[in-house]
Amino acid sequence: MTPKVVLVTGAGGYVGAHLTARLAANPDIERVLGVDTAPPAKDLLRAMGRAEFVRADIRNPLIAKVL
């Protein structure tokens, strides 16, 4: 079963950004959120396609608002 919503932590880094992009390319997944304390490079951000990037620290309780 494919999840409908996926949250990727560490999406600002090389590996996380590429994982986010790959998940966003899957039409069976409705929404992909990438979260990190720093944004990815512009080329990686473009590669993420329809994924949403949120600049946030998952150690902060305010992350619940993102979820």
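The values are calculated or read from the model by the stated rules, or taken from the named source; none is laboratory data. Keep in mind the model is a prediction, meaning the values are calculated, not measured. Don't worry about glycine lacking a Cβ; one is built from the backbone with ideal geometry, like all the others, and counts go over all protein chains shown. To get the accessible areas, we keep the full protein, side chains included, count just its heavy atoms, and leave off ligands, DNA and RNA. Shrake-Rupley method; radii C 1.70, N 1.55, O 1.52, S 1.80 Å.
Count neighbours as other Cβ atoms within 10 Å of each site's Cβ, and list the trypsin sites (Lys or Arg not before Pro) in the range 1-66 that are DSSP loop with at most 10 such neighbours.
Passing sites in the range 1-66 are K4, R59.
Using label points projected 7 Å from each Cα along Cα→Cβ, tell me how many nm separate T9 and N60, to one decimal.
Inter-label distance under the simple model: 1.5 nm.
At a 1.4 Å probe, what is the % contribution of carbon and sulfur to the accessible area of the chain?
58 percent
So what is log10(I(q)/I(0)) for the chain at q = 0.12, 0.24 1/Å, when the Debye sum runs over its Cα atoms only?
One equal scatterer on each Cα of the chain leads to -0.26, -0.97.
Calculate, in nm to one decimal, what D43 and R31 gain on full extension: separation in residues at 0.36 nm each, minus their alpha carbon distance.
In short, 2.3 nm is gained.
If contacts are Cα pairs under 8 angstrom and at least 6 residues apart, what is the relative contact order of the chain in percent?
It rounds to 32 percent for the chain.
Per residue, what accessible area does the chain have, given a 1.4 Å probe and all protein chains present, in Å²?
Here the per-residue accessible area is 68 Å².
What number, rounded to the nearest 500 deg cm²/dmol, is the helix-based mean residue ellipticity at 222 nm of the chain, given -39500 (n - 2.57) per DSSP H run of at least four residues and division by all its residues?
Result for the chain, helices only: -8000 deg cm²/dmol.
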